[in-house]
2 protein chains.
Amino acid sequence: MTRAATTATHAGGHLVAALDRAGHRLTGPRRSVADLVAARDGHFTAADLVEDARRQGIGRATVFRSIDLFTSLGLVERVDLPGGEHAYVACETAHHHHAICTSCGRSFDVDDAGLSEVLGTIGHRSGFRVTAHRLEIFGLCAACQR
Amino acid sequence: MTRAATTATHAGGHLVAALDRAGHRLTGPRRSVADLVAARDGHFTAADLVEDARRQGIGRATVFRSIDLFTSLGLVERVDLPGGEHAYVACETAHHHHAICTSCGRSFDVDDAGLSEVLGTIGHRSGFRVTAHRLEIFGLCAACQR
DNA sequence: TTCCACGTGAGACACAGTATCATGTAGGAC
DNA sequence: GTCCTACATGATACTGTGTCTCACGTGGAA
């Protein structure tokens, strides 16, 4: 459960660093998109990001390309909200799952908590060999329950 | 589209029955879409169904309306494949999860297998009150492992 | 400083899903 | 069986999301 919300001028610093590590160019637009992603407190839609970016003179295509890039590096993940809409969340690279607060929209990383045993059980019972899975959790965060 | 006279002429019978039970009209197009859904052996995309339906003279809008209807009755569920594409699967109404074979595309319903305890643990640890969740499992079914 | 592969913005495009509206029809009333 | 009306339908326009193309710009190694 991590909320990395620094107010540094370059909140997207770790995203930029990851780009660099992966051998991608550190261009102005990419830095800006990284900052916008990091500044988002919770999940965000492509439209949100495109709108923010447009105000800084960054084009739609670049935003989608950057999201792609971050996604391929595991820094951003796509989630599907209960209503069926898409959103993205910034996250750390290790395998984990998201708990999304339906009230405030924030997303929280949660660890395995025994899920792998459950998947093992399912596989064992049904003969299915599990190679990937996706768990999304929706509910109310501690703050919103008050 | 060949309506194989061998097996049940109305593969979508239980879908039609569910529509009836819920007080919806049993129109020709709806019966046809129900049959098409039931005939699909695994997940299918909206495009698949639209194409099948078009050959029978059924319009796009009607296909989407029917999917909506089946979804609202819990007879069809929307899933998101690992690649990010959308698909639909026919399923029973009780709460359950899908295991999707990445080789043959068939989907299998799996039961809880301890997931609710895992969600309880997560909630307990983090103070998050879980109200909904979605678990999708990808891998190889028993047949495709051979 | 130079140079070029990679990145960019603009805008056309593709596709999924929704909305609108005139027409058609299921199925209850009689 | 027939009538009638609320609901369903097909055609088509529209919206939103994401991709592709292409000429131009630029990061960063040499």
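The values are calculated or read from the model by the stated rules, or taken from the named source; none is laboratory data. Just so you know, these numbers come straight off a predicted model, no measurement behind them. When we count neighbours, we look across all protein chains shown, and the Cβ atoms used for this are built from the backbone with ideal geometry, even at glycine. All accessible areas refer to the heavy atoms of the entire protein, side chains included, with ligands and DNA or RNA removed. Shrake-Rupley method; radii C 1.70, N 1.55, O 1.52, S 1.80 Å.
What ³J(HN,Hα) values, in whole Hz, does the Karplus curve 6.51 cos²θ - 1.76 cosθ + 1.60 give for the stretch B:132-146 when θ = phi - 60°, with x put for Gly and Pro?
My calculation for the stretch B:132-146 gives 7, 8, 9, 10, 10, 10, 10, x, 10, 6, 3, 5, 6, 6, 7 Hz in order.
When the Cα centres of the stretch A:19-39 and the stretch B:47-66 are compared, how far apart do they sit, in Å?
A separation of 43 Å, based on Cα centres.
Counting only other chains, what is the mean number of Cβ atoms within 10 angstrom of the Cβ of each residue in peptide B:114-121?
6
Between the label point of B:Ala17 and that of the same position in each other copy, find the distances and list them shortest first in nm, with every label point placed 7 Å from Cα along the Cα-to-C-beta direction.
In ascending order, 6.1 nm.
With a 1.4 Å probe, what is the total accessible area buried between chains A and B, in Å² rounded to the nearest 100?
Working: alone 9040 and 9180 Å², together 15180 Å².
That pair hides around 3000 Å² of surface in total.
If you take the charge dipole of chain A about its Cα centre, with +1 on Lys and Arg Cβ and -1 on Asp and Glu Cβ, which of A:Ser126, A:Gly114, A:Phe70 is farthest toward its positive end?
Among A:Ser126, A:Gly114, A:Phe70, the one farthest towards the positive end of the dipole of chain A is A:Phe70.
Got the relative contact order for the stretch A:13-145 handy, in percent, Cα pairs under 8 Å and 6 or more residues apart?
Over the stretch A:13-145, the number comes to 19 percent.
Which FRET efficiency value, to the nearest 0.05, do you get for A:His14 and B:Ala22 by plugging their Cβ-Cβ distance into 1/(1 + (r/R0)^6) with R0 = 45 Å? Please list the in-between numbers first.
Details: r = 50 Å, r/R0 = 1.12.
Efficiency, from the Cβ-Cβ distance: 0.35.
In nm², what is the average projected area of the convex hull enclosing the Cα atoms of the protein assembly as shown?
19.0 nm²
So if R0 is 25 Å, what FRET efficiency would B:Arg55 and B:His96 give, r being the distance between their Cβ atoms, rounded to the nearest 0.05?
With R0 = 25 Å, the Cβ-Cβ based efficiency is 0.20.
Computing the accessible area with a 1.4 Å probe over protein heavy atoms, can you report the carbon and sulfur percentage for chain A?
51 percent
Taking only protein heavy atoms into account and a 1.4 Å probe, give the accessible area per residue of the stretch B:1-93 in Å².
Values: 5110 Å² over 93 residues.
Ligands and nucleic acids excluded, the result is 55 Å² per residue.
Out of the trypsin sites (Lys or Arg not before Pro) in the stretch A:14-44, which ones are loop residues according to DSSP with at most 14 other C-beta atoms within 10 Å?
Sites meeting the loop and neighbour criteria: A:Arg25.
Per residue of B:83-92, how many C-beta atoms from partner chains lie within 10 Å of its own C-beta, taken as a mean?
Averaged over the peptide's residues, the number is 1.
Need one number: % antiparallel among DSSP beta bridges in the stretch A:13-145, to the nearest 5.
70 percent
Between the label point of B:His96 and that of the same position in each other copy, find the distances and list them shortest first in nm, with every label point placed 7 Å from Cα along the Cα-to-C-beta direction.
Values, ascending and in nm: 3.3.
Please state the charge dipole magnitude for chain A, taken about the Cα centre, from unit charges on C-beta atoms (+1 on K and R, -1 on D and E), reported in debye and rounded to the nearest 20.
In total the dipole reaches around 340 debye.
How high is the relative contact order of the stretch B:95-146? Use alpha-carbon pairs under 8 Å, at least six apart in sequence, and give a whole percent.
48 percent
Once label points are set 7 Å from the Cα along Cα→Cβ at both B:Ala143 and B:Asp111, what is their separation, rounded to one decimal in nm?
Using points 7 Å along Cα→Cβ, the separation is 2.3 nm.
When ligands, DNA and RNA are left out and all protein chains stay put, how many square angstrom of accessible area per residue does the stretch B:95-146 have with a 1.4 Å probe?
Working: 2490 Å² over 52 residues.
Normalised by residue count, the accessible surface of the stretch B:95-146 is 48 Å².
Of the GluC sites (Glu not before Pro) in the stretch B:48-109, which ones lie in a loop per DSSP and count no more than 11 other C-beta atoms within 10 Å?
B:Glu85, B:Glu92
If you take every DSSP beta bridge fully contained in the protein assembly as shown, what fraction is antiparallel? Give it as a percent rounded to 5.
Antiparallel bridges make up about 80 percent of those DSSP assigns within the protein assembly as shown.
Which whole-Hz ³J(HN,Hα) couplings does the stretch A:81-87 yield from phi under the Karplus relation 6.51 cos²θ - 1.76 cosθ + 1.60, θ = phi - 60°, glycine and proline marked x?
Listing the rounded values in order: 6, x, x, x, 6, 9, 8 Hz.
Give me the Å³ per residue figure for the convex hull around the C-alpha atoms of chain B.
Numbers: hull volume 21.6 nm³, N = 146.
Dividing the Cα hull volume of chain B by its residue count gives 148 Å³.
Report the charge-dipole magnitude of the protein assembly as shown in Debye, nearest 20, computed about the Cα centre from +1 at each Lys and Arg Cβ and -1 at each Asp and Glu Cβ.
Approximately 660 debye in magnitude.
Say a label goes 7 Å from Cα toward Cβ at A:Asp68 in every copy; what distances in nm does this one have to the rest, shortest first?
3.2
Summing -39500 (n - 2.57) over the DSSP H runs of n ≥ 4 in the protein assembly as shown and dividing by its residue number, what mean residue ellipticity at 222 nm do you reach, to the nearest 500 deg cm²/dmol?
-12000 deg cm²/dmol
Compute the distance in nm between two label points, each set 7 Å from the Cα along the Cα-to-Cβ direction, one at A:Thr71 and one at A:Asp41.
2.7 nm
Dipole of the stretch B:95-146, Cα-centred, from +1 at each Lys and Arg C-beta and -1 at each Asp and Glu C-beta, to the nearest 20 debye?
In debye, rounded to 20, the stretch B:95-146 gives about 160.
Helices from chain A with mean Kyte-Doolittle at least -0.5 and a Cα length along the axis of 15 Å or more, per DSSP H: which?
The qualifying helices are A:28-39, A:60-72, A:115-126.
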